[in-house]
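Every number in this text was worked out from the coordinates using simple rules, so none of it is lab data. Just so it is clear, the model here is predicted, and its values are computed rather than measured. Using ideal geometry, Cβ is built from the backbone for each residue, glycine included, and neighbour counts are taken over all protein chains shown.
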């Protein structure tokens, strides 16, 4: 197991280097420079050219990359063109906000999706199973930006008019003015958490149902039922432990995807997290911030895949690496 973990870490580092080359090249070959005169009459092309030269952006990307890789190896993600601050500092300020939002939505999704998938599997082809399947298909089909805008209208606009302004959810941000209480924070999290959770609940529940159905048709489950064990014991003690294994991999793979998907949700709800930072950096062509965010997501993907493999061995002692 120890040798396997070391080997996976080494492979993960090589993968991160490869992804850094790809991401760096994509930001540099995108048409147009990060700075331009635009409509600003005070902007001079000579000053812009000088800044491009000082940053090394007037060279081909393959000549710029070694300096970036050297800085990356020393933990330096560069400085933001817009904020004039280190990217690592910006991420340290925004990542906790994203972890709070994404962590709550992930826990909320799992608490609903896993029991829902088990219920649908143990009552296959029943009305509960049919209703769950239809709801999950609808949830998967709704684009995140459509869902977010609809929740804004329903929870903050229509509800406010319907109740005469006495009850509604906040539109934007984490807090209202100078109120930093937990109750105000939770109130602001309702809409973005629901927006992120609906898609996850739909996917997790469908996957849990399929995994549970596959296990329920195994020979050892039929043998346990033939021995007279109660259905609850068979389903939740014998079948669930094996059916939950694929969910571990799905959660490990889904977590970085939720981070990248939160770009739209955080942008809609103005949640000051990493997703909103990435969205603003894309609009302003802030290359160091874009690279910092995508490399962080890539590192999380590698890390969570490794944790999923380790969790496999913990949940099922029969698995050996």
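Here are the numbers:
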quantity	calculated
Between helix 2-29 and the chain: long-axis angle, C-alpha atoms, 0 to 90°, nearest 10	40 degrees
Cα long-axis angle, helix 127-141 against the chain (0 to 90 degrees, to the nearest 10)	10 degrees
Cα shape, the chain, gyration tensor, a/c 1.5 rule	oblate
Residue-span extension gain [residue 126 to residue 217] - 0.36 nm each, minus C-alpha spacing	31.0 nm
Most mobile of 82, 302, 263 in a GNM of the chain (Cα contacts under 10 Å)	82
Between 0 and 90°, nearest 10: helix 274-284 axis offset from the chain longest Cα axis	40 degrees
Tensor-based shape of the range 51-162 (alpha-carbon gyration tensor, a/c under 1.5 rounded, otherwise prolate or oblate)	prolate
Residue exposure sequence - 141, 109 - by fewest surrounding Cβ within 10 Å	141, 109
Gain upon complete extension [residue 73, residue 232; 0.36 nm per residue less C-alpha separation]	52.0 nm
Pairwise centroid distance, computed over Cα atoms, of the range 207-238 with the range 264-290, Å	46 Å
Förster radius 22 Å - calculated FRET efficiency between residue 26 and residue 63, Cβ distance, rounded to 0.05	0.85
Per-residue Cβ neighbour rank within 10 angstrom, fewest leading, 150, 23	150, 23
Fewest-first ranking of 212, 295, using other Cβ atoms within 10 Å as the exposure measure	295, 212
Residue-span extension gain [residue 17 to residue 187] - 0.36 nm each, minus C-alpha spacing	57.1 nm
Estimated 222 nm signal from helices in the chain, with DSSP H stretches of n ≥ 4 weighted -39500 (n - 2.57), rounded to 500	-24000 deg cm²/dmol
Highest-MSF residue in the chain out of 203, 78, 164 [GNM, Cα springs under 10 Å]	164
